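Trainee: Please see the structure below; I have some questions.
The values are calculated or read from the model by the stated rules, or taken from the named source; none is laboratory data. Keep in mind that what you see is a predicted model, and the values were worked out from it rather than measured. Counting neighbours? That spans all protein chains shown, and the Cβs are built from the backbone with ideal geometry, glycine included. Note: areas computed on protein heavy atoms with side chains; ligands, DNA, RNA excluded. Shrake-Rupley method; radii C 1.70, N 1.55, O 1.52, S 1.80 Å.
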Amino acid sequence: MKIMHDVDMREYTSFRAGGCADTMAVPESTEELQEILQKLQRSGEEYLLLGNGSNTIFRDEGYHGTVIHLGDAFSSIKVDGERLICGSAALISAAAHEAMEHGLSGMEPISGIPGSIGGAVFMNAGAYGGEMKQLIESVQVVSADGQEICTLSNEDLQLGYRMSRIQKTGEVVVSVTLKLTTADRADILSAMQEFMQKRNSKQPLQYPSAGSFFKRPEGYFAGKLIQDAGLKGASVGGAQISAKHSGFMINRGGATADDILKLMHLVQNTVKDRFGVEMEPEVRIVGGPAEKNEKEGR
Ligand SMILES: Cc1cc2nc3c(=O)[nH]c(=O)nc-3n(C[C@H](O)[C@H](O)[C@H](O)COP(=O)(O)OP(=O)(O)OC[C@H]3O[C@@H](n4cnc5c(N)ncnc54)[C@H](O)[C@@H]3O)c2cc1C
């Protein structure tokens with residue numbers, strides 16, 4: 001298993017901001033994953049799982065623990081009838097492409113989400129009326145202490161809006177079985193292209209970001225609240241509320257994690273003062289002093 005030290009997490013996260021992780025471990029098999037989890041459990045060292053880093057920010061102070069980043073061996077995608085069996089490090093886009101090639105429909109609305117399949121299960125990622133919950137048949141996980149491997153059903157996962165049981169248990173997703181439906185390849189492809197066009201026209205994809213920064217508060221739209229609070233285009237250092245889509249915070253160049261978090265607090269305080277609505281980050285904020293992680297949504 002590859003072990004690296006002082007790893008610059010800007011290279012592993014889509015926001016391209018933040019500090020270094022003390023250690024990164026890259027297991028290449030379920031056995032190696034269990035081995036590292038058991039070792040970390042024994043030593044009591046902090047650790048976290050990182051998928052494609054498209055919903056995670058590391059604080060500038062860095063992460064004083066081990067980041068587990070699943071290796072290429074976890075990126076396989078296999079087709080079995082109407083089922084797609086994906087390693088959890090496989091990208092959603094790659095899985096959607098493979099499904100399309102085999103005339104399997106279901107992934108089109110989520111095909112443009114730039115995460116891994118494991119991260120998508122953890123977040124119950126969704127877009128344009130589709131979400132992982134509609135597609136997951138079962139998931140194979142390793143327990144947080146590395147001792148057990150078990151299979152969870154869709155119901156076991158307790159999937160809700162950007163929510164899954166994995167967020168509470170710390171289990172590691174290793175593979176995911178999706179149940180899709182047979183359809184015409186050309187129709188699937190054109191639907192995927194349409195959803196991608198929608199993304200391109202509405203989202204500031206030319207800048208580093210983590211997508212929608214805040215969860216949708218019940219009864220509201222985060223972007224609309226931010227815009228109505230007069231914060232469209234607001235910036236702190238290199239971090240900015242996108243002028244194209246107020247729900248996105250972008251890195252205009254050289255943003256630090258501190259810039260991003262200051263802007264996050266500005267949005268939270270302003271929206272709370274103006275409309276009495278709490279804005280909870282959808283983005284996972286990690287690293288720095290341990291007590292901060294709990295407050296800010298880790
Ligand atoms: C431009 C852009 C557009 C986006 N659009 C959308 C969208 O339309 N809809 C949407 O829902 N999201 C969207 N996102 C956010 C993000 O892509 C999703 O949340 C995605 O599911 C995160 O996957 P990841 O692998 O990058 O997760 P990471 O950021 O690597 O991790 C996110 C969380 O998942 C956990 N995790 C990752 N892999 C595993 C695993 N194998 N086992 C257990 N836990 C794991 C991590 O510990 C972490 O807490 C967007 C992001 C960007 C940058």
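Trainee: Restricted to the stretch 211-222, and to residues that are under 15 Å from Lys244 (Cα atoms) and within 12 Å of the ligand (Cβ to nearest atom), which residue is surrounded by the most Cβ atoms within 10 Å (Cβ to Cβ)?
Mentor: Phe213
Trainee: I need the full set of residues from the stretch 83-96 which are over 30 Å from Gly254 (Cβ atoms) and either in contact (Cβ under 8 Å) with a residue 60 or more places away in the chain or open to solvent by less than 20 Å² (accessible area, probe 1.4 Å) (or both), in order please.
Mentor: Residues of the stretch 83-96 over 30 Å from Gly254 (Cβ atoms): 83-88, 90, 94-96.
Hits for the stretch 83-96 are Arg83, Leu84, Ile85, Cys86, Gly87, Ser88, Ala90, Ala95, Ala96.
Trainee: Within the stretch 135-168, which residues are open to solvent by 30 Å² or more (accessible area, probe 1.4 Å), of a type in the set (S, T, N, Q) and not in a strand (DSSP E or B)?
Mentor: Residues satisfying the conditions are Gln147, Asn154, Gln158, Gln167.
Trainee: Considering only the stretch 1-41, state which residues are under 22 Å from Met249 (Cβ atoms), assigned to a helix (DSSP H, G or I) and of a type in the set (A, V, I, L, M).
Mentor: Answer for the stretch 1-41, where residues must be under 22 Å from Met249 (Cβ atoms), assigned to a helix (DSSP H, G or I) and of a type in the set (A, V, I, L, M): just Met9.
Trainee: Shifting gears a bit: Quick check on the stretch 4-28: of everything there that is within 14 Å of the ligand (Cβ to nearest atom), open to solvent by 10 Å² or more (accessible area, probe 1.4 Å) and hydroxyl-bearing (Ser, Thr, Tyr), which residue is nearest to Leu70 (Cα to Cα)?
Mentor: If we take residues in the stretch 4-28 being within 14 Å of the ligand (Cβ to nearest atom), open to solvent by 10 Å² or more (accessible area, probe 1.4 Å) and hydroxyl-bearing (Ser, Thr, Tyr), then Tyr12 is nearest to Leu70 (Cα to Cα).
Trainee: Name every residue in the stretch 145-192 that is under 20 Å from the mean Cα position of the chain (by Cα) and basic (Lys, Arg), in order of residue number.
Mentor: Hits for the stretch 145-192 are Arg162, Arg165, Lys168.
Trainee: Restricting attention to the stretch 132-155, which residues are of a type in the set (Asp, Glu), more than 30 Å from Gly44 (Cβ to Cβ) and touching a residue at least 12 places away in the same chain (Cβ under 8 Å)? Can you show your working first?
Mentor: Here is the first cut: in the stretch 132-155, the residues of a type in the set (Asp, Glu) are 137, 145, 148, 155.
From what is left, the residues that are more than 30 Å from Gly44 (Cβ to Cβ) are 137, 155.
Scanning the stretch 132-155 gives a single hit, Glu137.
Trainee: Taking into account only those residues within the stretch 169-193 that are more than 13 Å from the ligand (Cβ to nearest atom) and assigned to a loop (DSSP other than H, G, I, E, B), which is surrounded by the most Cβ atoms within 10 Å (Cβ to Cβ)?
Mentor: If we filter the stretch 169-193 for residues that are more than 13 Å from the ligand (Cβ to nearest atom), which is where we start, we get 177-193.
Then keep just the ones that are assigned to a loop (DSSP other than H, G, I, E, B); that gives 180, 183-184.
Details: Leu180: 22, Ala183: 16, Asp184: 10.
Across the stretch 169-193, the extreme among qualifying residues is Leu180.
Trainee: Mind checking whether some residue in the stretch 106-125 is open to solvent by 20 Å² or more (accessible area, probe 1.4 Å), on the phi < 0 side of the Ramachandran plot, outside the structural domain of Gly287 (by TED's automatic domain parsing) and in a strand (DSSP E or B)?
Mentor: No, the stretch 106-125 has no match at all.
Trainee: Another question, then. Quick check on Ile226: is it touching a residue at least 12 places away in the same chain (Cβ under 8 Å), under 25 Å from Arg16 (Cα atoms) and assigned to a helix (DSSP H, G or I)? If you could, list the steps in order and put the result at the bottom.
Mentor: On the way: touching a residue at least 12 places away in the same chain (Cβ under 8 Å): yes; under 25 Å from Arg16 (Cα atoms): yes; assigned to a helix (DSSP H, G or I): yes.
Yes: the conditions hold for Ile226.
Trainee: If you take the residues in the stretch 42-82 that are part of a helix (DSSP H, G or I) and within 16 Å of the ligand (Cβ to nearest atom), which one is least open to solvent (accessible area, probe 1.4 Å)?
Mentor: Step one: filter the stretch 42-82 for residues part of a helix (DSSP H, G or I), giving 42-43, 72-74.
Going one step further and asking which of them are within 16 Å of the ligand (Cβ to nearest atom), we end up with 72-74.
Numbers: Asp72: 127, Ala73: 59, Phe74: 11 Å².
Applying the filter and picking the extreme gives Phe74.
Trainee: Within the bounds of the stretch 67-77, is there any residue that is touching a residue at least 24 places away in the same chain (Cβ under 8 Å), hydrophobic (A, V, I, L, M, F, W, C) and over 23 Å from Cys20 (Cα atoms)?
Mentor: yes
Trainee: Give the residue that is farthest from the ligand (Cβ to nearest atom), with candidates limited to residues of the stretch 96-105 that are in a helix (DSSP H, G or I), aliphatic (A, V, I, L, M) and out of contact with any helix residue (DSSP H, G or I) (no Cβ under 6 Å at 6 or more places or on another chain). I'd like the intermediate steps shown before the answer.
Mentor: Taking the stretch 96-105 as the starting set, the residues that turn out to be in a helix (DSSP H, G or I) are 96-101.
Next, only the ones that are aliphatic (A, V, I, L, M) stay: 96, 99-100.
Within this subset, residues satisfying the condition of being out of contact with any helix residue (DSSP H, G or I) (no Cβ under 6 Å at 6 or more places or on another chain) are 96, 99.
Values: Ala96: 13, Ala99: 17 Å.
The selected residue is Ala99.
Trainee: Suppose the filter is within 16 Å of the ligand (Cβ to nearest atom), under 18 Å from Ala125 (Cβ atoms) and open to solvent by 50 Å² or more (accessible area, probe 1.4 Å); does Lys198 pass it?
Mentor: Details: within 16 Å of the ligand (Cβ to nearest atom): yes; under 18 Å from Ala125 (Cβ atoms): yes; open to solvent by 50 Å² or more (accessible area, probe 1.4 Å): yes.
When the stated conditions are applied, Lys198 passes them.
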